[in-house]
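The next block holds one structure in the form of structure tokens; read it before the comments.
The values are calculated or read from the model by the stated rules, or taken from the named source; none is laboratory data. Everything quoted here is computed from the prediction, not taken from an experiment. No Cβ is skipped: glycine too gets one built from the backbone with ideal geometry, and neighbour counts run over all protein chains shown.
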Amino acid sequence: MANRPPGAGPRDPGPGVSRRLSFRLLLLVAALSLVWSGVSLAEYLAYTRGVTESAKSHLQGLTSRAALSIDAILREGMSSVDAVAAEMTAGTLTKDTALARLRDGLETHARFYGVTVSYKPFGFDPTRRLYAAYYAKRDGRVQYIHLDTVYDYTQPKYDWFGPALAGTPFWTPPYYDEAARTSMVTYAAPFYAVDPATRQRAPLGVVSVDLSMDEIRRIIESLDLGPAGFGALVSAKGVYLYHPNTDLVLGKKTLAQVAAEQGDPDRLLLAGKVAGRESGIIEHRSTTTGLGSWLSYAPVPSSGWSLQNTFITDDLPWDVTRIRRELMDLIIALLVCASTGAALLLRAHTGSVPRLWATSIVTAALFALGIGCLWKVALNYDSQASPEGVRISDKATLQSVMNGYVRSSAERHTEPPVYIPTGVFIESASFNATNDLAVTGYLWQKYTIGRHDGLTRGFVISDATNLDVSEPYRQQENDTEVVRWHFTCTVRERFDHARYPLEQEAIGLRILHKDLNHNVVLVPDLAAYKFTNPTSLPGLEKGVLLPGWALTQSFFELRKRRYDTNFGLERSIAKEDFPALHFNIVVRRIFLEAFISNLTPIIIVTILLFTLLMIGSRDERLVGFMQAGSGRVLNICVAMFFVIAFSHVDIRRKLAAEQIFYLEYFYFLIYAAMLWISINSVLFAMGRHIRWIQYKNNVISQLLFWPFLLSALFTVTVMAFR
């Protein structure tokens, strides 16, 4: 080996060493990014699983504890009745002492509303067909009533006596007690006459206790089931004993009947779980609203009843920002792993130009795919599009929310709320030049005659200008007065264009009652709509179009209102600010339209820039043939600059944006690409000794064009949406 001259620099490591270093570097980055992908995926799954399991565990524990609380109330009545019935059967209680015992129990137990000792025909006295002694609380005092003089309790329609006399203690379905003005349930147990000679028992009569459903209702309604959740109670046979939708209780509907009417297999499955006295959670999707939910159920041990709590999964305490960031971190890690993996598989480290081109194409395609995935995540996990209040899409949720307002006013000793069912039907809607929403449609309200006689008929639409309301049309149906108006107005909408064209906004009407000096709460008139599923667009005329926007949902929402003025009225101390009714329309920018009108020029200019980069050459014959000299390139870049600049100015004028929006970064990157290609063409044509520009006829700049541009767009997307 020849000796190196003194003072010579370090030996050139040679292409073999460079290839090995490149290979090892790619392998290291691929390994690290793979680990990063695994960690990001694990963090995302751990968070989502943790929130889900914690919420399910809390829901099931809440349901079980509430079922035991209800059971304690029932056992209080059962133990008292069973003890009296057993002692009457044993003969330790006489007819007179039994009545005294029952009266004492009624006075001792606050939840007892009535107690009864009823005999079978001629069981009390051979000369008297019926005898039933009934003690009941009326106006705070215990009253004695001869029940047999009021009605014949042995008739089949009175379902508390006959079944119990047959030998089976049981709880009756709820019924409304006119005297107590509350819903009741009755527990009835038989007592027997024992033949002293044969020791055989024969049914003699029934002991029963009446319990108010108010306490049970309060337990169910006090459960923290989220803004839209609600509870229900069914008997062992699946008959509804309590439900926010009182029609199910009054109609004595069963789970199986509701399942058949609504085509709901989950409720049919739940009916079987109830019959088996099981507990658990069923994942459910409402057939009327389309919303996902969990049905948590637990038995009430002493009665065989089942408590069922519905939790809407949209109310899960998700940190949407965290989920979006974790998913984006996962996409970044997978993209780096896939890109370096592709470079290894294609052996880009060998320096072969065909292999480098293959790697460049694959890498650019991966970045383009990554940008698409980021767009998907940004749209699906948009924290700005989350409802601010309580979404109302079904009667059960509405009734549950209304009960909560009544309970809140009672606890604070404020004026109780007055509910006015209100409906909206939008005939047409359009945006004007300043993003004001012009709306035409109908609005109606329902007032109960007698209860709402003192209320002013009318409404106010907040933030509305040019409100034009026709004379009200009034129609009376039974005890309800329906007042309907036709209206047109313009509502100022405030859009945040920072994410244009990946925008998703909630627009609509905020409706208040005209009488601001009372606790009047406008609630949606859900009965007026055939479908209340938000995706079926209730309240919108078919064919309503907003140019450039897709209508994805419409729904009612009760959202807290905030006022720091009394509007000049002497407001009562008992006045409370209940939420305002919002009719929301969720719209999403039609990406394809924005793509064609705004991104198409950008894409074409980008392709032309790449073409200019590819035809650059210092071969005079080729330059003359292609007219691809640096001067020509500069002229073309200037022309394209004006095309893009005018497009840029036009879009800013249309949006009237006050900040830099997402799509604007595309223009900035194209400006930078034009500038670089202009500088590159000059440096390349001058033949300056810049190795990575002159190398193999400017191939490095050509190879890096698409990967660098798309990676920059990918980075901008992450920064804009993360």
Residues of region 195-229 classified as in a strand (DSSP E or B) and at pLDDT below 85, total: 1
When residues of region 408-436 are limited to those that are touching a strand residue (DSSP E or B) at 6+ places or on another chain (Cβ under 9 Å) and not in a strand (DSSP E or B), the one surrounded by the most Cβ atoms within 10 Å (Cβ to Cβ): PRO417
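Taking ALA110, is it closer than 13 Å to VAL209 by Cα and either at pLDDT 85 or above or of a type in the set (D, E, K, R) (or both)? Even if it seems obvious, please write down each step before you answer.
Numbers: closer than 13 Å to VAL209 by Cα: yes; either at pLDDT 85 or above or of a type in the set (D, E, K, R) (or both): no.
Spelling it out, it is not the case that ALA110 is closer than 13 Å to VAL209 by Cα and either at pLDDT 85 or above or of a type in the set (D, E, K, R) (or both).
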Qualifying residue in region 181-192 (condition: over 28 Å from ALA86 (Cα atoms) and either at pLDDT 85 or above or surrounded by fewer than 16 Cβ atoms within 10 Å (Cβ to Cβ) (or both)): yes
Flag for LEU204 being aliphatic (A, V, I, L, M) and more than 30 Å from PHE124 (Cα to Cα): no
Unmet requirement for HIS497, which otherwise passes all of (1) in contact with a strand residue (DSSP E or B) (Cβ under 9 Å, 6 or more places away or on another chain); (2) modelled with pLDDT under 90; (3) not hydrophobic (A, V, I, L, M, F, W, C): (1)
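Condition check: surrounded by 15 or more Cβ atoms within 10 Å (Cβ to Cβ), under 27 Å from the mean Cα position of the chain (by Cα) and closer than 29 Å to GLU215 by Cβ. Does GLY231 satisfy that? If you could, list the steps in order and put the result at the bottom.
Working: surrounded by 15 or more Cβ atoms within 10 Å (Cβ to Cβ): yes; under 27 Å from the mean Cα position of the chain (by Cα): yes; closer than 29 Å to GLU215 by Cβ: yes.
Yes; evaluated as a whole, the condition is true for this residue.
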Failed item in (1) touching a helix residue (DSSP H, G or I) at 6+ places or on another chain (Cβ under 8 Å); (2) surrounded by fewer than 16 Cβ atoms within 10 Å (Cβ to Cβ); (3) in a helix (DSSP H, G or I), with LEU269 passing the rest: (1)
Selected residue (criterion: modelled with the highest pLDDT) from residues of region 528-559 that are over 21 Å from the mean Cα position of the chain (by Cα) and of a type in the set (Gly, Ala, Ser): ALA528
Checking ASN519 against (1) surrounded by 14 or more Cβ atoms within 10 Å (Cβ to Cβ); (2) under 20 Å from GLU427 (Cβ atoms), the condition it does not meet: (2)
Any pair with Cβ under 8 angstrom, 6 or more apart, that starts in region 524-546 at a residue that is in contact (Cβ under 8 Å) with a residue 60 or more places away in the chain and assigned to a loop (DSSP other than H, G, I, E, B) and ends at one that is acidic (Asp, Glu) and surrounded by 17 or more Cβ atoms within 10 Å (Cβ to Cβ): THR532/ASP394
Cβ-Cβ under 9 Å pairs, at least 6 apart or on other chains, region 309-334 side farther than 25 Å from GLY38 by Cα and without any contact (Cβ under 8 Å) to a residue 60 or more places away in the chain, far side assigned to a helix (DSSP H, G or I) and hydroxyl-bearing (Ser, Thr, Tyr): THR313/THR52
Complete set of residues in region 110-143 that are touching a residue at least 40 places away in the same chain (Cβ under 8 Å), surrounded by fewer than 20 Cβ atoms within 10 Å (Cβ to Cβ) and part of a strand (DSSP E or B): LYS137, ARG138
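Regarding region 367-387, can at least one residue be identified that is assigned to a helix (DSSP H, G or I), farther than 30 Å from ASP496 by Cα, in contact (Cβ under 8 Å) with a residue 12 or more places away in the chain and not polar (S, T, N, Q)? Please lay out each step first, then the result.
Initially, region 367-387 is screened for residues assigned to a helix (DSSP H, G or I), giving 367-380, 383-385.
Add one more test, that the residue is farther than 30 Å from ASP496 by Cα, and what stays is none.
No, region 367-387 contains no residue that is assigned to a helix (DSSP H, G or I), farther than 30 Å from ASP496 by Cα, in contact (Cβ under 8 Å) with a residue 12 or more places away in the chain and not polar (S, T, N, Q).
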Number of the exception - GLY290 against (1) within 21 Å of PRO174 (Cβ to Cβ); (2) surrounded by 15 or more Cβ atoms within 10 Å (Cβ to Cβ): (1)
